[in-house]
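Trainee: Please find one structure pasted underneath; my questions will follow.
The values are calculated or read from the model by the stated rules, or taken from the named source; none is laboratory data. The structure displayed is predicted, hence computed values, not measured ones. FYI the Cβ positions are ideal-geometry reconstructions off the backbone, even for glycines, and counts take in every protein chain you see. Heavy atoms of the whole protein, side chains included, go into the accessibility calculation; ligands, DNA and RNA do not. Shrake-Rupley method; radii C 1.70, N 1.55, O 1.52, S 1.80 Å.
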Amino acid sequence: MAIDISATSKLWSFPGGIHPPERKAPANMTAIQRFPLPPVLFIPLRQHAGEPGELCVAVGDYVLKGQPLTIPGVDNGLPVHASTSGTITAIQQHPLNHPSGLTGLTLCLEPDGKDAWYPRQPIANIDAISQREVLQHLQAMGIAGLGGAGFPTARKVAGARNIDVLIINGVECEPYIVSDDRLMREHAGEILAGSLLLQKLTSAKQLVIAIEDNKPEAAAAFAAAIHDSNATDTDTTELKGAAAVLKIVPTRYPSGGEKQLIQILTGKQVPVRGLPADIGILMQNVGTAFAVARAIHHGEPLLERVVTITGEAVHQPGTAWALLGTPIEYLLAQSGFRAQEKKQRVIMGGPMMGFTVTNLQIPVIKTTNCILAPSQKELAPAEAEMACIRCGACEIACPASLLPQQLQWLAKAKDYDGLKQHNLADCIECGACAYVCPSQIPLVQYYRQAKAEIREQAIEQQKAEIARQRFEARQARLEREKEERLAKHKKAAEARKAAQAAQAARQTESSTDGEQDPVKAALARVKAKKAQQDRGVEPAKSEQKDAVAAAVARAKAKKAERDANAESTPATTEKKDAVAAAVARAKAKKAERERLAKLEAENIGDSENKQNATNNKGNENS
Amino acid sequence: MSFYIASSPHHHQRRTTAKLMQLVLFAMLPGFLAQLYFFGWGVIFQLSLAIAVALAAESLCLIARDRAPASGLQDNTAIVTAALLAVSIPPLAPWWVIVIGTLFAIVVVKHLFGGVGHNIFNPAMAGYVLLLISFPVQMTAWMPPTGLASNAPGFIDSLYLFLFQFTNEGFSLEQVRRIDTGSMLDAVVMATPLDHVKTQLSQGATLSEALQHRQFTGFAGAGWQWVNFAYLLGGLLLLQQRVIQWHIPVAMLGALSICAILGSIFAPDLLPGLNIHLFSGATMFAAFFIATDPVSAATSSKGKLIYATLIGVLIYVIRSYGGYPDAVAFAVLLANLCVPVIDQYTRPVTYGHRKEES
Ligand code: SF4
Ligand code: SF4
């Protein structure tokens, strides 16, 4: 059944969810600021899923704003761009913006303050070129999902077929974060334009924009944008907002989760291990839609994004356009951050799903939506874990309808099979369960650990499996080689036998031969002579018997020759017979020699080929 | 500057188990005061001794199990268990009754099963049942409610009765429990309303005859009805504070009501009606404070509905046909036994695992 969403159609609900204090103010009360250029940018080569591309600049190079710095590798990753003009001062290991706190290869770019652009190539009319070319453009512009895991947008769009609804997600349900809220208030028109472009690219029948009901200003801005877009009568692109439906969803965490929002809007669930596209839905974040519009209409790569800088340790909380690569320390400093406690917490992301950082030099990346520096008072650290009292509060809160409590017991017991049975993999780590747990059990931490352990186990299993396969392949190869060797020997032996048999057969055959033509006889003589010469040149390797036979044949042939020379008249039957026999013998000899040589050569070549083939196979396996 | 490292979520509801238990204790206050008013000082002695014993037993158990007693005691669960048991037994029952009951509840039912969160049975109700079976006389010796007692004992007399089973003047509990019927000859030992109805019915009287007794001044028995109201009030407070969810009280009271109504329709003269079932005995107390014990109840919302319905039906069946006048403790323990099965069959369907009905 196709999904049909209209402005008045019913909203569904998802189970569970929580209402943590929103604390969106005061960060959402001021316009998005633009700080001066930071003194240095750290641009990690790898900002997203997939292998990092190949560097195409070197230390000391001067780069322009928007200039690609890497060429994507084979897996169609995204290039990274210079966020502003300046000089590459170093390419080195630098802390990554990642929960692991690991380092990664990073370009250090020192801005020259000119902010000079690399040539931009907007697309005037996307109808004039193929969808593939537009997607290639989006990829070259480095467009990735700004809401979630930073998946390349072009790949997401290319992989989706038969899309009924394109949902533009402006829900932003996590407390404190207001980046999308501000972006919608200030740039609803461009977000809508980008959304319509995406709709065109996905051939989605419907376009739905979802906003939580705690952002009335953003909703109003969108309603106005949709109205404007319908009013302007431009038939150049035919992109109209008429079909765009604005849906206001009730505030409840985590209604902005992809799966939850789909359930709210359609009542459907994304099947397990499936994608939204399986039920005809594609979701994009408002920030992504904005970036798509900038990339297509202005030819601008994704170089900056809105970041919320908030928390009580920040004196001027608000939002800012942050160039990708800006160290978060710079943003915090610009916002009047002062560490309030001996142990200050700085959270990358929101209070529910963000991670604490250990180094303020980590750069802003495409998925950085919030930097939160709370005081101990507003977000008190977790208290000591107490025993689970089976109160079921966690289960009531879980939006995925899991049994967090059961998962917790199982995780503590390291019962991985039990965890799989209880669908740990479907946990979206939203933290709702841990938020409500009265015993202060860090449930999500347990799940994360268990997931990591299960992953490790799977990798171990895979390794063991590969090792097993490799061993078996080797065994099979050895077996095959042995058989081949045996077969070769057998074949050679058979060939020899066959040759002997043929010789014997010919001898008997020739003895019963009828009359011979004098020409033939002459030819035979010549051949015999040649054979004789050959024989002389070649080192005698044949068996004694052969040598004897050859000698006999030679003698006979000589005699026959002499006879033939002496008598011009047709030879007598006996004489003729003798000559023929000798010729035949010589012929057989030669043929056999030749055949054997050929056979040998063939066999060696063959087995070599086979050997190579098996080796190759072995390599593939390893 | 050093950083504080933590795992998400970084925000928590400031609602610890300890606070939840405090709220439960607070919500018990109206019922407790009603009991104090109608049944005298005894309940205070019971409560004090029960809490003291419970804390001591909890500490010793934690030490024996190699846990830090301080952290374990913080959750207040032992105090709640003690309080639930203390208000369940007759106020002037001898001191050793509550001591035995509390020890059994904490040591055997709670800690031998693995401590908080692991006990299968509701500790307070298990303790109660042990006492009821072991000391049936002491455990059914409820005081007549204030106003009916001929000589209600004062504070000192109550303390004496609690400690030595005799008042200062040498009256026994039996004597104190007599109610003033106008003539000395008629002086009888007071039974609780449910007990009274049960005895009368079993002796061939009809319900209306049984209800002739002067203790049925209100609609469900003097004193008892107000105690039930008080616990209902406390229960509503728990609901409003979201300490408990509605599922268990609603399902339990609903099931009990439906049974009572059906009973009254089919055997109006032989089975007590809705008013008696709901407002006599320990009904409200059970619905809001006992059955809602998270540890021993079913987990999922659906499971809780089934669990509480079971309790409601069992209470009715045992009250009507069993050998004991009240049935809350038995019903709860029986339902506790069914929890693993209920939990098994009420597992919610995880997101994305639903079979799409297309
Ligand atoms: S973190 Fe996982 S288990 Fe906990 S509420 Fe979210 S989805 Fe459910
Ligand atoms: S919320 Fe915490 S205490 Fe309650 S059942 Fe879940 S894990 Fe146990």
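Trainee: Compute the accessible area per residue over segment B:191-343, keeping the other protein chains in place, probe 1.4 Å, unit Å².
Mentor: 39
Trainee: Next question. So if I take the centroid of the Cα atoms in segment A:333-349 and the same for segment B:263-319, what is the distance between those two points in Å?
Mentor: So the two Cα centres are separated by 54 Å.
Trainee: Counting only protein chains, not ligands or nucleic acids, how are A:Trp409, B:Trp95 ordered by accessible area (probe 1.4 Å), most first?
Mentor: Sorted descending by solvent-accessible area, the residues read B:Trp95, A:Trp409.
Trainee: Volume per residue, Å³, of the convex hull around the alpha-carbon atoms of segment B:27-92?
Mentor: It comes to 71 Å³ per residue, whole-number rounded.
Trainee: ³J(HN,Hα) across segment B:54-71 via Karplus (A = 6.51, B = -1.76, C = 1.60, θ = phi - 60°), whole Hz, x for Gly/Pro?
Mentor: Karplus values, whole Hz, x for Gly and Pro: 4, 5, 5, 5, 4, 4, 4, 4, 5, 5, 4, 9, 6, 10, 6, x, 4, 5.
Trainee: Here's something else I'd like to know. Hey, any idea what the orientation-averaged projected area of the convex hull of segment A:152-208's Cα atoms comes to, in nm²?
Mentor: 4.4
Trainee: If I stretch the segment between A:Ala493 and A:Trp12 completely, what's the gain in nm (0.36 nm per residue apart, minus their alpha carbon distance), one decimal?
Mentor: Extra length available between A:Ala493 and A:Trp12 comes to 165.0 nm.
Trainee: Where Rh is the Kirkwood radius over the Cα pairs of segment A:270-412, the temperature 10 °C and the viscosity 1.306 mPa s, what D in µm²/s does Stokes-Einstein return?
Mentor: 87
Trainee: Run through the DSSP bridge list for segment A:25-372 and note the antiparallel percent, rounded to the nearest 5.
Mentor: Here the antiparallel bridges make up roughly 60 percent for segment A:25-372.
Trainee: Bin all alpha-carbon pair distances of segment B:191-343 at 5 Å intervals from 0 and give each bin's fraction as a whole percent.
Mentor: Taking every Cα pair in segment B:191-343, the percentages come to 2, 11, 19, 22, 19, 13, 8, 4, 1, 0.
Trainee: Which of rounded, prolate or oblate describes segment A:25-372 when judged by the alpha-carbon gyration tensor and an a/c cut-off of 1.5?
Mentor: Note, shape of segment A:25-372 comes out oblate.
Trainee: For A:Asp115, B:Asp343, give the ranking by accessible area with the largest first, probe 1.4 Å.
Mentor: If we order A:Asp115, B:Asp343 from most to least accessible, we get A:Asp115, B:Asp343.
Trainee: Zone of A:Glu383 (label point 7 Å along Cα→Cβ, backbone N under 11 Å): which residues in segment B:50-81?
Mentor: What the label zone holds, given the 11 Å backbone N cut-off, is B:74-76.
Trainee: In Å², rounded to the nearest 100, what is the total accessible surface buried by chains A and B against each other with a 1.4 Å probe?
Mentor: 4800
Trainee: Right, next: What base-10 log of the normalised intensity I(q)/I(0) is obtained for segment A:399-464 from the Debye formula, alpha carbons as equal point scatterers, at q = 0.19, 0.20, 0.22 Å⁻¹?
Mentor: -0.67, -0.74, -0.87
Trainee: At a Förster distance of 41 Å, what's the computed FRET efficiency of B:Leu337 paired with A:Glu453, Cβ-Cβ distance as r, to 0.05?
Mentor: 0.75
Trainee: If you don't mind, another one. Mind putting a number on the dipole of segment B:213-358 about its Cα centre? Charges go on the C-beta only, +1 for Lys and Arg and -1 for Asp and Glu, and I need it in Debye to the nearest 20.
Mentor: 180
Trainee: A follow-up question, please. Relative contact order for segment B:261-358: what percent, with Cα pairs under 8 Å and sequence separation of 6 or more?
Mentor: It rounds to 25 percent for segment B:261-358.
Trainee: So, one more: Taking a probe of 1.4 angstrom, what is the accessible area of A:Glu483 in Å², to the nearest 10?
Mentor: Here the accessible area works out near 110 Å².
Trainee: Excluding ligands and nucleic acids, what accessible area in Å² is computed for A:Glu212 using a 1.4 Å probe, to the nearest 10?
Mentor: Number for this one is 0 Å².
Trainee: Here is a further query. Order the following by accessible area, largest value first: A:Tyr330, B:Tyr316. Probe radius 1.4 Å; ligands, DNA and RNA are ignored.
Mentor: Accessible-area ranking of A:Tyr330, B:Tyr316, largest first: A:Tyr330, B:Tyr316.
Trainee: Additional query: Could you state how much accessible area B:Thr81 has, in square angstrom rounded to the nearest 10, with a 1.4 Å probe and all protein chains kept in place?
Mentor: 20
Trainee: Which of the trypsin sites (Lys or Arg not before Pro) across segment A:391-440 are loop residues per DSSP, with 14 or fewer other Cβ within 10 Å?
Mentor: Taking segment A:391-440 and a limit of 14 other Cβ atoms within 10 Å, the loop trypsin sites (Lys or Arg not before Pro) found are A:Lys414.
Trainee: Can you give the relative contact order of segment A:25-372 as a percent, counting alpha carbon pairs under 8 Å and 6+ residues apart?
Mentor: Worked out over segment A:25-372, it gives 23 percent.
Trainee: Shifting gears a bit: What share of all Cα pairs of segment A:1-134, in percent, falls into each consecutive 10 Å distance bin?
Mentor: Reading upward from the zero bin: 10, 24, 25, 23, 16, 3.
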